[in-house]
Every structure is written in C-alpha cells, then in structure tokens.
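Report on the following structure.
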Amino acid sequence: MTNFEDVQTGLGDKNFLAEAILGGGLPEEAEICLWRASEVYADSEAAEEYLRQAETHAPDHAAVLIGFYRFYFYKGRIQEALKIAERCLIKAARENNFSIEWRLVTKDDATFNSYEAILPRFYLFTLKGYAYLKMRLGEIEESREAVMKLLELDPTDKIGAKVLLGVLDRIGVGDDD
C-alpha cells in the first residue's frame with residue numbers, strides 16, 4: 001500500500017489522526033523542510049520560506065501548522081500566530097467531530113480529562129493558545145471566554161488554564177487611571 005493509500009484508509013481512524021498530530025504521516029519532504037526551517041531560524045525570511053515549502057508538501061498537517069505557530073509566536077508575530085491558532089482550532093474541532101465554533105463545544109463531546117485522549121487534548125491546548133494570543137492582543141473578554149470554556153471542558157485543569165485566568169484577573173488591577 002502506498003503512503004497515499006495509508007492516508008486515505010486512515011482518515012476515519014482516531015489512532016491515525018492522533019499519530020498525525022504527533023507528526024506521523026508527515027511526508028519526508030515536509031519533514032526535511034521543517035528541520036531546515038529550524039536550522040535557519042535566525043534568518044526569518046529563509047525559515048518562513050522553508051515552512052511554506054513544508055506546507056506545499058503537507059497542507060493542513062498538524063506538524064506544519066505547529067511549526068508555523070511556533071515560528072510566528074517566538075518571532076513576536078502575534079497576529080500571524082493567531083491566524084495559525086485559528087486554523088489549528090478548526091482542524092482540531094473537525095478531527096474531534098466537534099462544532100467548529102468553540103463556544104458550542106461541551107464537556108460531553110469528548111473525554112477531555114484523560115491524558116491518553118490525544119485528540120481532545122490537542123483541542124484543549126489549541127484553545128489555550130488561542131486564549132493566550134487573544135489576551136496578548138488586548139482582546140481580554142474573548143480571551144476570558146476561551147479560558148472559561150477551557151475550565152468547563154477540563155474542570156480539573158490538567159492543561160493549566162487557571163494560570164491564564166489569574167493573569168486575566170490581574171490585568172488592570174493596581175493601574176492608576
């Protein structure tokens with residue numbers, strides 16, 4: 001069976017999707033481009049070009065999206081990181097069979113409190129990144145809504161949403177107007 005056939009037959013398989021989130025199913029060409037992007041990280045233009053090449057080899061693969069997210073995030077390009085986080089949120093919702101509107105996802109949609117539930121955890125971490133970026137961009141209410149959704153989905157707070165809530169609660173406290 002070819003790689004393409006493996007991908008086609010595995011699309012409905014949760015284990016296949018979980019493996020893809022962890023980098024499985026990534027074409028070798030895309031993997032090479034991701035490695036090259038990391039090697040030339042200091043040269044933003046070259047690194048971004050390698051990321052774009054990786055995307056041509058593996059459009060919408062989680063590993064490529066995460067590569068873009070990290071690149072933009074660590075370069076301080078928060079708006080661009082947010083766009084990638086939004087793409088990841090939609091991808092994670094689709095792969096989990098959730099509503100693509102995060103406000104409509106409920107704790108009954110998945111086993112969010114299990115470390116073994118890789119796909120739901122990917123969704124939670126993606127929503128956490130989204131909430132953080134919204135906070136960094138000054139969109140405090142949107143960030144707070146996303147954090148509250150995280151705590152609704154993960155009431156034991158395995159992913160650390162309460163840390164973000166603490167930061168949100170301190171914003172503006174002690175400021176003299």
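The values are calculated or read from the model by the stated rules, or taken from the named source; none is laboratory data. These numbers were taken from a predicted model, which means no experiment stands behind them. Here Cβ is always computed from backbone atoms with ideal geometry, including for glycine, and neighbour counts include all displayed protein chains.
Scanning region 84-109 for residues that are within 13 Å of Thr126 (Cβ to Cβ) and of a type in the set (D, E, K, R) yields Glu86, Arg87, Lys91, Arg94, Glu95. Cβ separations smaller than 9 Å between residues 6+ apart or across chains give the following pairs from region 21-45 residues that are part of a loop (DSSP other than H, G, I, E, B) to residues that are surrounded by fewer than 12 Cβ atoms within 10 Å (Cβ to Cβ) and modelled with pLDDT of 95 or more: Tyr41/Tyr74.
If you go through region 75-91 and keep only what is farther than 20 Å from Leu150 by Cα, free of Cβ contacts under 8 Å to residues at least 24 places away in the same chain and part of a helix (DSSP H, G or I), you end up with just Glu80. Annotation note: Cβ proximity below 8 Å between a residue of region 55-73 that is more than 23 Å from Ala131 (Cβ to Cβ) and a residue that is small (Gly, Ala, Ser) (sequence gap 6+ or interchain) occurs for Glu55/Ala30; His57/Ala30; Ala58/Ala30; His61/Ala20; His61/Gly25; His61/Ala30. Considering region 58-77, the residues that are surrounded by fewer than 15 Cβ atoms within 10 Å (Cβ to Cβ) and not hydroxyl-bearing (Ser, Thr, Tyr) include one that is nearest to Glu101 (Cα to Cα), namely Asp60. Does region 53-72 contain at least one residue that is modelled with pLDDT under 95, of a type in the set (Val, Ile, Thr) and either in the same structural domain as Leu127 (by TED's automatic domain parsing) or over 19 Å from the mean Cα position of the chain (by Cα) (or both)? The answer is no, given that none of the residues of region 53-72 is modelled with pLDDT under 95, of a type in the set (Val, Ile, Thr) and either in the same structural domain as Leu127 (by TED's automatic domain parsing) or over 19 Å from the mean Cα position of the chain (by Cα) (or both).
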